[in-house]
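The values are calculated or read from the model by the stated rules, or taken from the named source; none is laboratory data. Here the structure is a predicted model, which is why all the values come from computation and not from measurement. Here Cβ is always computed from backbone atoms with ideal geometry, including for glycine, and neighbour counts include all displayed protein chains.
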Amino acid sequence: MKTLQLAAGTPLPVLGLGTWRLGEDRALRRTEVAAVRAAIEMGYRLIDTAEMYGEGGAEEVVGQAIAEALRAGDVKREELFIVSKVYPHNASRKGTPAACARSLARLELEQIDLYLLHWRGEHPLAETCEAMRKLAADGRIGHWGVSNLDTDDMEELATVCGEPLDCAANQVYYSVGERGPEFSLLPWQRDRGMPLMAYSPIDQGALAGDAALKKMAQRLGVTAAQLALAWVIAQPGVVAIPKAMREAHLRENLAAADLQLSADDLAEIDRLHLPPRRKTPLVMI
Ligand SMILES: NC(=O)c1ccc[n+]([C@@H]2O[C@H](COP(=O)([O-])OP(=O)(O)OC[C@H]3O[C@@H](n4cnc5c(N)ncnc54)[C@H](OP(=O)(O)O)[C@@H]3O)[C@@H](O)[C@H]2O)c1
């Protein structure tokens, strides 16, 4: 799989697995662990989760799947890139390391590769930044970053954290159907070599049924979901983290990482889903 590089030089796969809505129902636990395990076997190396998902349940699912995959020898720990997120209400100087310790325990890991502030909340960014840097210095996290921060928030982050800004990534809603970040946020991040992680890249499944995309996809011999994913990762500096539990979806999405869209294909998508002409507030799901 193609990778981008975090500013620190660490490779980041262009396509990973999302895990929102996992870990909410104990009765589904085995099925969900099996799906994440199957994803690892297929070749997914980047997994995105959060303490919020299933109130820790998704991290447990991911942790169990990783533990099983490591035991079976399907993958080595250093080949995986695990992302988790701290709730804004926990993102204080003391709360951040405590939340991180709970996440590490649920994930059964020594280190989270990328730890994100899930969205801006009541604690000053400067405090979160200080706590994140301490966690990185202590080796509990490999890198830190943010999520759902718009361009002005990123400017503020750079001011309060001080330059050089070591925030490794910003995870936001970005898809063929929601192109707002292209106006100023994505260029801002590109200037700093800071990848944008696109969440809900299939618009929570809706783009798979988009009539215009379906028509174009059919002509190219792919599915609309694959076209939507291939478009997202064709944008320089962007990685996508589609969530899928069904095996067919997992395989389909992984294969999208190898699709090459031509300049004509990209121009056609621009006509179907127009790029932004002005700044609009970041949309949060
Ligand atoms: N930072 C944040 O605030 C934030 C917010 C939202 C999401 N996220 C992260 O981003 C991840 C992805 O976003 P998302 O879960 O909101 O939406 P998404 O990935 O755009 O869509 C997921 C939905 O699409 C379906 N799907 C997946 N592949 C498909 C395919 N090839 N064809 C047809 N349907 C397909 C899935 O079904 P099945 O599961 O049944 O296969 C699921 O219902 C999340 O899971 C989470 O990790 C982060």
How many residues, within the range 37-64, are under 16 Å from Pro242 (Cβ atoms) and in contact with a strand residue (DSSP E or B) (Cβ under 7 Å, 6 or more places away or on another chain)?
9
Is it fair to say Gly18 is small (Gly, Ala, Ser), over 25 Å from Gly237 (Cβ atoms) and modelled with pLDDT of 95 or more?
no
For the range 69-110, what are the residues that are free of Cβ contacts under 8 Å to residues at least 40 places away in the same chain and more than 29 Å from Ala126 (Cα to Cα)?
Ala69, Leu70, Arg71, Ala72, Gly73, Asp74, Val75, Lys76, Arg77, Glu78, Glu79
Got at least one residue in the range 227-244 being of a type in the set (Lys, Arg), in contact with a His (Cβ under 7 Å, 6 or more places away or on another chain) and in contact (Cβ under 8 Å) with a residue 40 or more places away in the chain?
no
Give the number of residues within the range 105-134 that are more than 20 Å from the chain's Cα centre (by Cα) and part of a helix (DSSP H, G or I).
8
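Pick from the range 248-285 the residues that are outside any loop (DSSP other than H, G, I, E, B) and in contact with a Phe, Trp or Tyr (Cβ under 8 Å, 6 or more places away or on another chain): which of them is farthest from the ligand (Cβ to nearest atom)?
Step one: of the range 248-285, the residues outside any loop (DSSP other than H, G, I, E, B) are 248-256, 263-272.
The next check asks that each one be in contact with a Phe, Trp or Tyr (Cβ under 8 Å, 6 or more places away or on another chain); those that pass are 250, 254, 266, 269.
Values: Leu250: 7, Leu254: 10, Leu266: 20, Ile269: 16 Å.
Among those that are outside any loop (DSSP other than H, G, I, E, B) and in contact with a Phe, Trp or Tyr (Cβ under 8 Å, 6 or more places away or on another chain), it is Leu266.
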Of residues in the range 268-285 being loosely packed, with under 10 Cβ neighbours inside 10 Å and of a type outside the set (D, E, K, R), the one nearest to Gly221 (Cα to Cα)
Leu274
For the condition farther than 28 Å from Gly95 by Cβ, surrounded by fewer than 18 Cβ atoms within 10 Å (Cβ to Cβ), in contact (Cβ under 8 Å) with a residue 60 or more places away in the chain and not β-branched (Val, Ile, Thr), what is the one hit in Gly205, Gly193?
Gly193
Can you go through Arg120, Arg102, Arg106 and tell me which one is modelled with pLDDT of 95 or more, farther than 21 Å from Asn170 by Cβ and within 16 Å of the ligand (Cβ to nearest atom)?
Arg106
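Quick check on the range 112-131. Is at least one of its residues basic (Lys, Arg) and surrounded by 23 or more Cβ atoms within 10 Å (Cβ to Cβ)? If you could, list the steps in order and put the result at the bottom.
Within the range 112-131, the first condition is being basic (Lys, Arg), and the residues that meet it are 120.
Keeping just the survivors that are surrounded by 23 or more Cβ atoms within 10 Å (Cβ to Cβ) gives none.
Looking for residues that are basic (Lys, Arg) and surrounded by 23 or more Cβ atoms within 10 Å (Cβ to Cβ), one finds none in the range 112-131, hence no.
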